[in-house]
Each structure stands twice: as C-alpha cells, then as structure tokens.
Amino acid sequence: MVSSLVVPVIDVQNDNFRELWPAMVVAIKTASFLALDTELSGLGNRKSLLAESIEDRYKAICSAARSRSILSLGIACYKKLDDKAAHTYLVQVYNLTLLCSEEYMIEPQSVKFLVQHGFDFNKQYASGIPYLKGNGKGTSEEQGVHMRALFTEVLRARKALVLHNGLIDMAFLYQSFYANLPDRLATFTADLSEMFPAGIYDTKYVTEFELRLPASYLEYAFKKCKLDNSRIVTSGGAVPHVHVEFCQYAGHLSSYVDYRTCQDVSSAEGQTDICERFSAFGWCPNGAQCPSSHDTDLIILQDEKGAGDKKKKKKRIRNKKRGRGEAENGGAVCDGAPDHKIPHMELDSGDAPAALGPERDNSQKEDGDMKADDEGNQVSENNPDHKNPAAAEAPTDGETNTATSNTKESREEARETGALSNQQANTNTSKADPGTHRAGFDAYMTGYIFAHSCTMIKKDGVGPVEKEQQQEVVDKEKQQQEVVDKEKQQQEVVDKEKQQQEEAWLPTCLNKVYLSGKAAPLNVVKSTFARSSKVHIQKMKAVWAL
C-alpha cells in the first residue's frame, strides 16, 4: 500500500494578510534559507526568451516583467533545527494570492493552465493582496503591511535565496516589489548580489550540473530527491539525510491552511509507454490527450532501470543532439522553456512545438540541453515544533520509509511512508484540493531539493568534475586579485565574495543561475565593469535605515 503524504500551506489573502503578518515575518527572520516561486500572468514571446545573446534574453524578460504580473507568490521558510538530528528542518509554507493594482497583460494559455490546476481567479480578484509595480513611493512605502514591505523583510533577513530556474522569478520579484528593472543585465546582477548577500541558489543548476539527474524539471527533481532520501533512511546507515517537520495549526488558523496530498513514488502496473517529450521536459503539447504516460513515478523508475543500458544511453545522446539542432533552427520552440512556466508562454502561429522531444542523457549536461518544468506534486511529513510562532500545538510525527526491490515482471518500486495519525489524515484529506500546481507547493519542492542537495554534495565537491570547477573558481579569483590588488574598494569586494564562499551552503553552486541551452550559468556577481543602479542604492539605504 502506497501512503499519502501531506504538505500544509498557509493561504494568505488580503483579508488575513495583516493577521498573519507577524508569523510570516518571524518565519522569514528565523529561517536558515528561503525558497520562493511565482505564478505569472504570462511571459510573452517564446523565441526572445531563448535568444542566443543573454543580454537579449534579459531584455525580453524585462519586457515581460513590466507588462505582466505575479498572480501568486510561494514562500517556503526552511529552518534548520540544531536541537534535532542533523539535517532536520522546520518548514513553514505560505501561498500568497496577489492582485496587481495597475493594468497588466494576461495570456489565455496562462489562464487555461492555472485553472486546470486549481487556481481560483474569482478568489484572486476578490481577495488578492494588492500591489503596485516599479520604484514605489520612496522610504515611506517600505513601512506598513503590504507586499513591498514583506519583500523588504526578505531582504533585511539576509537569508540564502533558493529558486528553480530562477532568472525570470528574480526579474518579476524585482520589478513587482522593489524597483524598475535596470536596462543592463550586468547592473541587474550587481543589484542582486547586494540584495541577497547570503547568496542565490538555483536548484535547476544544482540538479543539472551537481546532482546530474536524468531530468531537472521541478516535479521530477523533487520526487527523485525524495526517493533517494527515503532509501538512505531505510538503509539504516550513517549517510546524512533530510528530515522535514511541519507544524499543526490549531483553532481558527487551521481555516487558513490548505492541505495538498500526493502519492509517493510507486510502480505503475501495466503501463510502459512513456511520453518522451514529457519525460525529458516535464511538458507535452498534447496534454491530457497524449496517448503515452505522463506519470513522473514511472519515468523515474524506468530511468533507474535503464541507467546501465549503454545502447539506450547512446540513443539518448543522439536524440538529444538532434533535438538541440531542431531548437537552434526554431523547430523545437518549447525546448528549454523556463521550467514549469512554459504554459504561460505565447507561441506564434508558426511556432508550434514538435510532437516528440529528445530523450535524456545524464552525461550531456555541459552541452546545456534544454528542459522545461511542469506542474508539481508535493509530499509532506507532519512533525512537531513548539518554536513555530503561528502554531498553538505541534504534532508528533517522524518520517519512516521503506523501499522494495523490483522483479523482472514488475518495475522497481520505491516507497516512503509518513506516519500520520488517522485523525489528522482524515482532516487533511477532507480539505485537500484536487489541484496540485501552486506557488506555495512549488516553493516547498524547491526548498526540499536544495536541502537534500546540501546533504549529498560535500563542500569539497563530490567528484573530479566539482573539484575541477572549484579549481577554476580559485584560479579565476587569483586572476581577479592580481587585477584589483591596488584598488582597495575592489579588494573588499573580492574578500566579501571569498567570505560568502566559505559560508555558502553549496559553494560550487553559489550565485549560479541556470540558463536554458547554455553550458555555463549566469553568475550573479558585481562585476568590475558594472555598478549598481542608482535606484537600488537608494532602496538599500532605505531598507537598512528602517
């Protein structure tokens, strides 16, 4: 029997925003790291977002962020518990429904996708938290209870920021709650490096270049990390693993909690025909009409079963290269989409995506294969913690996991079981919504991937590839040191970056943002050739003056 696990997410709207404000601020300030995700009203033209020039891509993203809006924001606060077993986190997840107070574009594909996955536009327009984009009205606007003030609290917390394929998310967050986006990418990255001194981490980059997973779209990466973590637990060894605890919300607070249920990874009996497009990118143009399976569990299990098949591996390499060629010629327009946000993208009439995408190969990540994310299923463990500011009482639940090996007749089956009391399980199930794709859950999954990665990737690297990358970083820093050793201000920048490396969760992934179709990430640093924007300098003075 496969168990159902539950993630409690606090639904924040305009009518309870002020009431929940103190708890949210405490959760943000006490977190070890913050995972964020957004749902957007659209992204505009597809090809521009995959332009060969990164600067051109940035311009296209800026255009989208200025003309579209954030419909919902997910914030997952992961607090590492020092008084518990190693790698134990108390997780508090918030899903904020937002409503931009100025005109913005919304794309039909975005509406259709979100409605299919449980997004309530009636609730958004009736109860969405209002916000204004751009520069705001100065220091006074950072005060009070509203979205710009909440984003200010995120900045003031100085926590590591975790996203999945996060370039677009960061641009929308900057434009919506901070200031007008600068015209140049180098200025934007310089601003970000100062806004988030604890570092920015992209789990898309982590799963592609560090964990080397066969696929890196959000649901796949999350379920694979969860499955691997459960196997470590059941093995009974001393290998580090992640343990997640949630809070139980009592009284009227429970009415704000949205419980989402999903099944753990399990075999799909009798189903073997997998959609290659979906298995590679987490998205298929045929949607529910596709005759092949979109079951992520089955995809993961078949990937593991065929991992050692050299013939299949060579075939995947050939197909992947052919797929990249199609993308370069404009044939596979949706390959390399910004992960699960692909349904928000506008396609020209002649840019319909190909029906079949390239198969995946783990050894080709350096070539920058393009993948797209999808709607994600979430899992949870309900556990206690008396430190939660919003909880009146805490559950007492541990994480127990089991795994069984496969036979020739059936595919490999891996299961985790989370101990939930019958009473709470019944309560959670009764409140569960059939939709599974929301910013809050995606933020939770993003944070879980990051927490798992931190246990698996040692700070000195996990292999020759990582060691080589670190050596390249060291060599680059030495070169930079030689150039700026006579300039005191530049020396301070280098020292600051070195300190960040030492304190980083994942040093090899610090401030590296995934770029679709590129072999190298975008480095979020303050270049010697770019200064921070004037409005950013004013904003930061206002932030720290509060």
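The values are calculated or read from the model by the stated rules, or taken from the named source; none is laboratory data. Quick caveat, the model's predicted, so the values are computed rather than measured. Heads up, the Cβs are rebuilt from the backbone with ideal geometry, glycines too, and the neighbour counts pull from every protein chain shown. Side chains included, ligands, DNA and RNA excluded: accessible areas come from the protein's heavy atoms. Shrake-Rupley method; radii C 1.70, N 1.55, O 1.52, S 1.80 Å.
Couple of notes before you dig in:
- Flagged links, alpha-carbon separation over 27 Å, of 29/133; 59/79; 80/223: 59/79
- Rg(Cα) / (2.2 N^0.38 Å) computed for region 82-156, rounded to two decimals: 1.50
- Accessible area in square angstrom per residue, region 187-236, 1.4 angstrom probe: 16
- In this structure the amide hydrogen of residue 129, modeled in the peptide plane, comes within under 5 Å of the amide hydrogens of 14, 97, 98, 99, none closer than 5 places in sequence on its chain.
- Amide proton proximity set for residue 88, modelled H, under 5 Å, gap of 5+: 81, 243
- The H on the amide N of residue 257, modeled in the peptide plane, is under 5 Å from the matching H of 11, each at least 5 residues off or on a different chain.
- Computed on the Cα trace of region 107-221, the radius of gyration divided by the Kirkwood hydrodynamic radius gives Rg/Rh = 1.01.
- Hz values of 3J(HN,Hα) by residue in region 297-302 - Karplus curve (6.51, -1.76, 1.60), Gly and Pro given as x: 4, 5, 4, 4, 5, 5
- Protein heavy-atom accessible surface, 1.4 Å probe, per residue over region 1-154: 38 Å².
- A straight chain from residue 103 to residue 541 at 0.36 nm per residue would run longer than the Cα-Cα distance by 154.7 nm.
- Segment residue 145-residue 85, length gained on full extension (0.36 nm per residue, minus Cα span): 18.0 nm
- Annotation: residue 194 carries an accessible surface of approximately 60 Å², with a 1.4 Å probe and no ligand, DNA or RNA atoms counted.
- When the C-alpha to C-alpha distance is required to be over 30 Å, the pairs from 112/224; 123/512; 112/204; 84/541 that qualify are 123/512; 84/541.
- Modelled label positions at residue 183 and residue 47, each set 7 Å beyond Cα in the direction of Cβ, lie 2.5 nm from each other.
- Surface composition of region 1-131: carbon and sulfur make up 53 percent of the accessible area, probe 1.4 Å.
- Take residue 111: with every protein chain present and a 1.4 Å probe, its accessible area is about 50 Å².
- Virtual spin-label span in nm between residue 534 and residue 235, 7 Å along Cα→Cβ: 5.7
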